[in-house]
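Chemist: Right, I'll just put the structure down here and ask away after.
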Amino acid sequence: MAIRNVVQVGDETLRKKCFAVEKFDEGLWQLLDDMKDTVRMEEGAGLAAPQVGVLRRVVVVDVEEGFFEFINPKITAQKGEQCGWEGCLSVRGKRGVVSRPMKVKLSYLDRYGKEQTLSAKGFFARAICHELDHLDGILYIDKAQHIEAAD
Ligand code: NI
């Protein structure tokens with residue numbers, strides 16, 4: 001078990017575009033395991049690799065539906081709209097209202113490099129959109145209609 005340090009807003013790492021994963025080896029599995037430990041310890045709904053200083057297209061999402069690992073993820077379809085609160089482990093002490101699709105379809109690779117697809121709605125879809133934005137250097141504060149202080 002290893003908790004990784006979460007990079008904070010202002011660090012250029014969070015603004016970079018991440019590279020696709022090409023090697024599905026122990027280095028990737030260690031990163032995924034550490035991201036799981038870190039997101040659980042921090043009580044987040046998700047975490048993207050650039051938040052722990054790794055510029056690779058890797059995210060984890062930890063929601064009611066379960067714990068998920070998405071590698072090289074791509075949204076292939078989206079439907080509807082929802083407005084709701086978001087926070088981010090890289091933007092401490094704040095929350096903001098962001099508009100996201102109500103439903104998304106995702107294609108991605110699992111930790112063994114196998115192609116997978118998944119449908120998500122509601123908060124699960126929101127968490128996926130938020131984490132995928134991180135892979136392109138986008139933070140929710142860039143999109144929020146309203147930002148306020150939060151605990
Ligand atoms: Ni975030």
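Nothing in this text is a laboratory measurement; each read-out follows from the coordinates by a stated rule. What you see is a predicted model, and the numbers here were worked out from it, not measured in a lab. Glycine also receives a Cβ, built like all others from the backbone with ideal geometry; neighbour counts cover every protein chain displayed.
Chemist: Can you list the GluC sites (Glu not before Pro) in the stretch 61-151 that are in a DSSP coil and have 14 or fewer other beta carbons within 10 angstrom?
Modeler: Here the sparse-neighbourhood loop sites are 64, 65, 81.
Chemist: Summing +1 for each Lys or Arg and -1 for each Asp or Glu, what net charge is found among the other residues whose Cβ lies under 12 Å from the Cβ of residue 85?
Modeler: Numbers: positive: 94, 95, 100, 126; negative: 86, 148.
Overall, the nearby charge balance is +2.
Chemist: Normalised by the number of residues in the stretch 1-122, what is the relative contact order in percent for Cα pairs under 8 Å and 6+ residues apart?
Modeler: On the way: 224 pairs, mean separation 27.5, N = 122.
Relative contact order for the stretch 1-122 comes out at 23 percent.
Chemist: Still on this structure, please answer the following. Can you list the lysines whose alpha carbon is less than 23 Å from that of residue 16, not counting same-chain residues fewer than 8 positions off?
Modeler: In chain and number order, the partners are 36, 74, 94, 143.
Chemist: Once phi is turned into ³J(HN,Hα) by the Karplus curve 6.51 cos²θ - 1.76 cosθ + 1.60 with θ = phi - 60°, what whole-Hz value does each residue of the stretch 11-23 show in order, with x for glycine and proline?
Modeler: Taking θ as phi minus 60°, the curve returns 7, 4, 3, 6, 9, 8, 8, 7, 8, 5, 7, 10, 10 Hz for the stretch 11-23.
Chemist: With θ set to phi - 60°, apply the Karplus curve 6.51 cos²θ - 1.76 cosθ + 1.60 along the stretch 134-151 and write out the HN-Hα couplings as whole Hz, x wherever there is a Gly or Pro.
Modeler: So the Karplus estimates, Gly and Pro as x, are 4, 5, 10, x, 9, 10, 4, 5, 6, 10, 5, 7, 8, 10, 9, 6, 9, 6 Hz.
Chemist: What does the helix-only formula give at 222 nm for the chain: each DSSP H stretch with n ≥ 4 adding -39500 (n - 2.57), the total divided by the residues, and the result rounded to the nearest 500 deg cm²/dmol? Please list the in-between numbers first.
Modeler: Numbers: 2 runs with 29 residues, N = 151.
My calculation for the chain gives -6000 deg cm²/dmol from helical runs alone.
Chemist: Taking R0 as 30 Å, what's the FRET efficiency between residue 102 and residue 19 from their Cβ-Cβ distance, rounded to 0.05?
Modeler: Numbers: r = 30 Å, r/R0 = 1.01.
That pair, residue 102 with residue 19, gives E of 0.50.
Chemist: Tabulate in residue order the Karplus-calculated ³J(HN,Hα) for the stretch 102-114, using 6.51 cos²θ - 1.76 cosθ + 1.60 with θ = phi - 60°, rounded to whole Hz; enter x for Gly and Pro.
Modeler: Couplings: 6, 10, 9, 10, 10, 10, 7, 10, 8, 5, 9, x, 8 Hz.
Chemist: Could you give the distance between the Cα centres of the stretch 75-141 and the stretch 1-64, to the whole Å?
Modeler: For the stretch 75-141 versus the stretch 1-64, the Cα centre distance is 14 Å.
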